[in-house]
Amino acid sequence: MILLQVSGLAKSVYYYTLSKTDKDDKNKEVIKKIKEIFINNKEKYGYRRITLELKNQGYNVNHKKVYRIMVKLGLKPLKRNKRKYSSYKKTVGKIADNYINREFYADKPNQKWYTDVTEFNLRGEKIYLFLMAK
């Protein structure tokens with residue numbers, strides 16, 4: 001009781017913490033199965049997959065309980081590296097030589113013709129847009 005006076009804790013808090021039992025004491029079999037599933041699957045399964053595996057093996061366990069137990073035991077699945085999306089594909093196709101050099105004026109008709117082909121995807125279909133100028 002001297003420790004309680006020195007620490008400033010109330011007697012009720014001390015006895016409350018003594019009376020609290022670990023809620024996972026009754027789940028020892030489930031904890032054992034969670035560890036087994038986690039290790040057998042090369043530490044790649046998270047709480048959702050482990051919950052499904054437990055249900056397949058006949059255990060009726062909530063995903064929140066599995067998550068709580070995994071956090072308590074420090075079981076974290078290995079993260080796989082996901083490649084980031086990049087639409088840049090470097091140089092695709094042939095680039096035409098630039099003969100015009102931004103000099104769009106022509107002395108006579110039909111001396112300079114310009115064209116542009118643009119491809120874009122609309123609802124899974126490739127659509128080509130052709131532009132032509134004199």
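Ignoring the sites themselves, the chain has its longest run without GluC sites (Glu not before Pro) in a DSSP loop having at most 15 other Cβ atoms within 10 Å at 44-102. By the rule of a C-alpha distance below 21 Å, with chain neighbours fewer than 8 residues away ignored, the lysines paired with Lys28 are Lys20, Lys55, Lys64, Lys65, Lys72, Lys76. Rounded if a/c is under 1.5, else prolate if a/b is larger than b/c, else oblate: which is segment 25-84, with a ≥ b ≥ c the root eigenvalues of its Cα gyration tensor? It comes out prolate by the Cα gyration axes. Reported to the nearest whole Å, the Cα centre-to-centre distance from segment 91-124 to segment 1-61 is 68.
Any read-out appearing in this document is the output of simple, stated calculations on the displayed coordinates, not a laboratory observation. Owing to the predicted nature of the structure, the values given are computational and were not obtained by experimental measurement. Cβ coordinates were reconstructed from backbone atoms using ideal geometry, including for glycine residues, and neighbour counts include every protein chain displayed.
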